[in-house]
Amino acid sequence: MGSLAEAVGRPPVDNDVDRPPVVCWFEECLKESVPLVGGKCSSLGELIHAGVRVPPGFALTTEGYRRFMAEAGLDREVAALLAGVDPADLDAVEAASARIRAAIEAQPFSTEIEDRVAEAYRKLALRCGLPAVPVAVRSSATAEDLPDASFAGQQDTFLWIRGIDEVLLHVRRCISSLYTGRAIAYRANKGFAGGDVAISVGVQKMANSFTAGVMFTIHPANGDRSVIVIDSNFGFGESVVSGEVTPDHFVVNKVTLDIIDRTVSTKERCYTVDPKTQTSRAVEVPFERQRVQSLIDDEITELAWMGKQIEKHYGRPMDIEWAVDKDLPSGGNIFILQARPETVWSARSQQAVAGSAGSAMDYILSSLLQGKKVN
């Protein structure tokens, strides 16, 4: 990893050549890096190498997680608390989860791990030109975002975190989220043993989102592979991902990039940064903006084009989170925050599923018959 770190203008963040690194930059990750940095962070590194615009960041690796758990004796404590717990007994699972999470969050990192995370955060702030750069702290489990088992959403993400003490706290909170009751039960039901799953934590520069949301390079409702579907709301994407609002909804033809269907919803809530506390919070969207389209058409087209490139790179339909950064000029302000394989329709027949939008060729022929211009 040393030569790559030197190539991107920084010394390696971990100098222990005999062991896997505790911390590494996203640029040092590829899709094969899942055992070291989990699904989410390996995907971010893969996107960077594919030329996709991704906010910079670094990861506490699974090696860092394992050292933390072993040095503090937490691995033995977790095993003892889960021994004999029936995954079907939800009360027992939740009780064990609460004790495990409290123990992890109360345990400080070793000086070595703390120093390495702090140094990486300092370099990230210098790279971004922002003191105490705001970051998203995202969990990235080794069994997360796999094509045959979707663990997505089972671990936590924290937005607009500033300062090294807050970063370290929220890294531990991400680690503890590996042991929510839901995650424990899901892994047990899927046949994953305790040692089969580890966690990495990504620390990524926060996009100061004017608009954010999700994009599928397949229609999530009917499996139509000829379209790209984009859902968006003002502010951070949390309101869309969590389903708290009915987002604006756009369907784009994958061949022509024409917007073939749009629904502008009433968006009453969004997440944004509180200028006083410098934290992410839910706010009410002003009444006069609630029915305003949250993405302009040029942004929809650019997002769809980016989605096509990501799908082509991975060779499969993708589920993508994105943001439009209001601090940057248009043309370079759309960022991909994460991308993972779509798991519902991709597992089914490759045959196109006819939906209301029709296939790409159906759309082109119908447009020609109706006298529409097909760009």
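Looking at 280, 239, just one residue is of a type outside the set (A, V, I, L, M, F, W, C), within 18 Å of residue 323 (Cβ to Cβ) and in a strand (DSSP E or B), and that residue is 280.
Of the numbered criteria (1) of a type outside the set (A, V, I, L, M); (2) open to solvent by less than 50 Å² (accessible area, probe 1.4 Å); (3) in a loop (DSSP other than H, G, I, E, B); (4) at pLDDT 95 or above, the one residue 144 fails is (4).
Going by what's in this entry, would residue 125 be described as open to solvent by less than 20 Å² (accessible area, probe 1.4 Å), at pLDDT 95 or above and either part of a helix (DSSP H, G or I) or of a type in the set (Gly, Ala, Ser) (or both)? Yes; evaluated as a whole, the condition is true for this residue.
The single condition from (1) charged (D, E, K, R); (2) touching a strand residue (DSSP E or B) at 6+ places or on another chain (Cβ under 6 Å); (3) modelled with pLDDT of 95 or more; (4) farther than 20 Å from residue 318 by Cα that residue 281 fails is (3). In the set (1) open to solvent by 50 Å² or more (accessible area, probe 1.4 Å); (2) charged (D, E, K, R); (3) part of a loop (DSSP other than H, G, I, E, B), the condition left unmet by residue 262 is number (3). Scanning region 207-239 for residues being modelled with pLDDT under 95, within 24 Å of residue 26 (Cβ to Cβ) and among the aliphatic types (A, V, I, L, M) gives a total of 1.
Every residue in region 321-347 that is in contact with a helix residue (DSSP H, G or I) (Cβ under 9 Å, 6 or more places away or on another chain) and touching a residue at least 40 places away in the same chain (Cβ under 8 Å), please. Correct list: 321, 322, 324, 334, 336, 337, 338, 339, 340, 341.
If I filter region 206-217 for residues that are in contact with a Phe, Trp or Tyr (Cβ under 6 Å, 6 or more places away or on another chain), aromatic (Phe, Trp, Tyr) and part of a strand (DSSP E or B), do I get at least one hit? The answer is no; no qualifying residue exists. Quick one: is residue 266 at pLDDT 95 or above and of a type in the set (Ser, Thr, Tyr)? Yes, satisfied.
The values are calculated or read from the model by the stated rules, or taken from the named source; none is laboratory data. Quick caveat: nothing in here was measured; it's all calculated off a predicted structure. Counting neighbours? That spans all protein chains shown, and the Cβs are built from the backbone with ideal geometry, glycine included. Just so you know, the surface numbers come from the protein's heavy atoms only, side chains and all, with ligands and any DNA or RNA stripped out. Shrake-Rupley method; radii C 1.70, N 1.55, O 1.52, S 1.80 Å.
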